[in-house]
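One structure is given below, encoded as structure tokens.
The values are calculated or read from the model by the stated rules, or taken from the named source; none is laboratory data. As the structure is a prediction and not an experimental result, all values here were calculated from the model. Here Cβ is always computed from backbone atoms with ideal geometry, including for glycine, and neighbour counts include all displayed protein chains. Areas reflect the complete protein model, heavy atoms only, side chains present, ligands, DNA and RNA absent. Shrake-Rupley method; radii C 1.70, N 1.55, O 1.52, S 1.80 Å.
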Amino acid sequence: MRDDELNDTNQGYAWLKMDGVELFSGQEAQTLARIEEYGMPPEVEHELDMAENDYRFVGPRSFGEFISVQVSPLFGRVAPSFVVGTALFVNGWLIGVLGKREKSVRRAALASWILAFPAILIILHGFENSRLMPLVPTSVWGGLLLTMLLTIVGITASFPLGVALALGRRSDLPAVKWTCTILIETIRGVPLITILFMAKLIVPFFWSQLSDLDLTIRMMIGLTLFSAAYLAENVRGGLQIIPHGQLEAARALGLNPLLTTTFIVLPQALRAVIPAIVGQFISLFKDTSLVALVGLFELVGIVDIIVSGQPIYRPYQREAYIFIAIVYFIISYAMSDVSRRLEESGAGSLRHQ
Amino acid sequence: MGENGGRSDEPIIFCEGVNKWFGNFHVLKDVDLEVAPREVLVIIGPSGSGKSTFIRCINRLEEHQEGTIIVDGIELSHDVRNIAAIRSEIGMVFQQFNLFPHLTVLENITLAPRFVRRQPRREADEIAAQLLDRVGIPEQARKYPAQLSGGQQQRVAIARALAMQPKIMLFDEPTSALDPEMIKEVLDVMKELAESGMTMLVVTHEMGFAREVADRIVLFDEGRIVEMGTPQHFFDNPQHERTKLFLSQIL
């Protein structure tokens, strides 16, 4: 019996039999072989999982049946997530509205964000020998969660590092200046994928302690360095537009270089390059997909496994990739929107000219 | 380190043999000058004569290669502490105002007192309000510099310099970038400042101000001091040919 007799969509599973031995057998053929040998499996009373249930049609169906058979179970599945998502959205909106008036709300929100990050990591990772929060090694973290994690750590760590590199490159001390320049130009000179490969394969050669370091952490470090180098150049562009007269006035007032940089140079320089910086962050968000080549399975990697690896989902490649394209688009657009609002809220030089 | 400059016979600024080069260009040639406390010194001269460079040397915005500059008993050398001490006693007002555009007027004025002198915020705000009153624009405290006219911006710059309670004020062509109708308001502030006893070095082209307010006028030409004297001496009885030529060109 051929596989595609059972399978109307004719996706062509390879099925070979040589000397009575099946070489490449499709899942259906294996199931049939099992039934031949062991008999029918017992009926089990349980709700069929999405993965077990094949929602493909045989023959034409009406639109109503399409909705009820294929679409509504999906809604049933996502209803809890939908409720949680709506609750989070309302929560965020409330914080935004109340935060405009009350300073305590803003402070509480900021503190929660800062504290939430390690808390989330701990909850995700879990503890050994725990039933409530079992240990989940970072190698199995995946999907959108991993993408978000890499992006957030990348953004948070690369921003101060990039600013520091930019300031260092403009320093008067030759040692600082040349170190920063060499770092920036080296990192900018190689593709991101080579940095990630180096982090995974080559760095452990030189530094044996580091091979114990979690792969996820190594990837974060690689992404951070990459993003910081590009950010440094963007910020350096902003630093160059500060008129020298303001620096002279600051010197005449007695402000030392640290105060001048903190209160006069950086506020203006960073506001001027907000589009470039947020653009770099959006780019970073999408560059996280490269870790799939290195062995971590974030959003693109997971989808790849599902549609290429699991035969039952192989017909749905187009749907899957279009879906993650939409996800990437939504998040990237949200970041662009934040950029626009940041620029509009700027004080002084940007707003009143 | 700092001596009391209150006695009028002890110069608060003492320059001797000051020479400066920009590369090969000899911009200041053997400048000798003494400024007494509470004196208003107006420096005039053609452009490129080194007058701006000279006053910028006094608070180390430019570095002189030869000669001695002593401000309030402190010698201006490479020692960073000396430079910081001298800068804390000198306030400077620039031709291009150089206000910080991302800060409000009040924040512009209180930035240095709060973070260099560590004044508490409330005290710094009060002093700033008094200074804004003194220069005539108390209502502009919460605005940004870009929202003010040129004359108002320059007055804010004067208030900002005064907030550090300097003993000496340097003015580098304060009205040269202003529209004519706004020059008077700034000059009035400078006149009030002079009358209140501040030591001032003013580089300007405003001859009316020089005649009315200056204690002494100094003519710079090609890096040298050509003539120095009271306004009466200078305008009515100039000695040097160069002075006569310059005055004939501008008056």
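Points to keep in mind about this one:
Per-residue answers, yes or no, for (1) touching an Asp or Glu at 6+ places or on another chain (Cβ under 6 Å); (2) modelled with pLDDT of 85 or more; (3) within 30 Å of A:E319 (Cα to Cα); (4) of a type in the set (A, V, I, L, M, F, W, C):
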position: A:L48; (1), (2), (3), (4): no, no, yes, yes
position: A:N53; (1), (2), (3), (4): no, no, yes, no
position: A:R56; (1), (2), (3), (4): no, no, yes, no
position: A:I67; (1), (2), (3), (4): no, no, yes, yes
position: A:A79; (1), (2), (3), (4): no, yes, yes, yes
position: A:F82; (1), (2), (3), (4): no, yes, yes, yes
position: A:I95; (1), (2), (3), (4): no, yes, no, yes
position: A:S104; (1), (2), (3), (4): no, yes, no, no
position: A:R107; (1), (2), (3), (4): no, yes, no, no
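- Within segment A:250-262, considering residues that are over 19 Å from A:N234 (Cα atoms) and open to solvent by 20 Å² or more (accessible area, probe 1.4 Å), the one farthest from the chain's Cα centre (by Cα): A:G254
- Per-region count, segment B:28-67, residues of a type in the set (A, V, I, L, M, F, W, C) and open to solvent by 10 Å² or more (accessible area, probe 1.4 Å): 2
- Top-ranked residue in segment A:139-154 [being of a type outside the set (G, A, S) and open to solvent by less than 40 Å² (accessible area, probe 1.4 Å); ranked as farthest from A:R236 (Cα to Cα)]: A:W141
- Those residues of segment B:76-100 which are of a type in the set (A, V, I, L, M, F, W, C) and either surrounded by 18 or more Cβ atoms within 10 Å (Cβ to Cβ) or more than 9 Å from every other protein chain (Cβ to nearest Cβ) (or both), in sequence order: B:L76, B:V80, B:I83, B:A85, B:I86, B:I90, B:M92, B:V93, B:F94, B:F97, B:L99, B:F100
- Helices (runs of 4 or more DSSP H) fully within segment A:187-259 counting 3 or more residues that are touching a Lys or Arg at 6+ places or on another chain (Cβ under 9 Å) and more than 14 Å from chain B (Cβ to nearest Cβ): A:215-240
- Any chance A:A232 is in contact with a Gly (Cβ under 8 Å, 6 or more places away or on another chain) and at pLDDT 90 or above: yes
- Matching residues in segment B:108-138 - criterion: being within 20 Å of the chain's Cα centre (by Cα) and not in a helix (DSSP H, G or I): B:G136
- Pairs, first closer than 28 Å to B:A85 by Cβ in segment B:139-167, second among the acidic types (D, E), C-beta under 9 Å, six or more apart: B:Q154/B:E185; B:R155/B:E185; B:M164/B:E89; B:Q165/B:E89; B:P166/B:E89; B:K167/B:D72; B:K167/B:E89
- Filtered by the rule that a residue be under 16 Å from the mean Cα position of the chain (by Cα) and on the phi > 0 side of the Ramachandran plot, segment B:13-63 gives B:R38, B:G45, B:G50, B:R60.
- Filtering B:R121, B:R117, B:R134 for residues that are surrounded by fewer than 19 Cβ atoms within 10 Å (Cβ to Cβ) and within 13 Å of another protein chain (Cβ to nearest Cβ) leaves a single hit, B:R117.
Residues are listed down the side, and each one gets a yes or a no for (1) in contact with a Gly (Cβ under 9 Å, 6 or more places away or on another chain); (2) open to solvent by 40 Å² or more (accessible area, probe 1.4 Å); (3) within 14 Å of chain A (Cβ to nearest Cβ); (4) within 17 Å of B:I90 (Cα to Cα):
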| position | (1), (2), (3), (4) |
| --- | --- |
| B:L111 | no, no, yes, yes |
| B:Q147 | no, yes, yes, no |
| B:L162 | yes, no, yes, yes |
| B:V189 | yes, no, no, no |
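- Answer residue from segment A:310-353, given it is open to solvent by 100 Å² or more (accessible area, probe 1.4 Å) and within 14 Å of chain B (Cβ to nearest Cβ) and is modelled with the lowest pLDDT among those: A:Q353
- Taking the conditions (1) open to solvent by 30 Å² or more (accessible area, probe 1.4 Å); (2) within 13 Å of another protein chain (Cβ to nearest Cβ); (3) under 17 Å from the mean Cα position of the chain (by Cα) in turn, B:I70 satisfies each one other than (2).
- Failed item, numbered, when A:R131 is tested on (1) under 21 Å from A:M220 (Cβ atoms); (2) at pLDDT below 90: (1)
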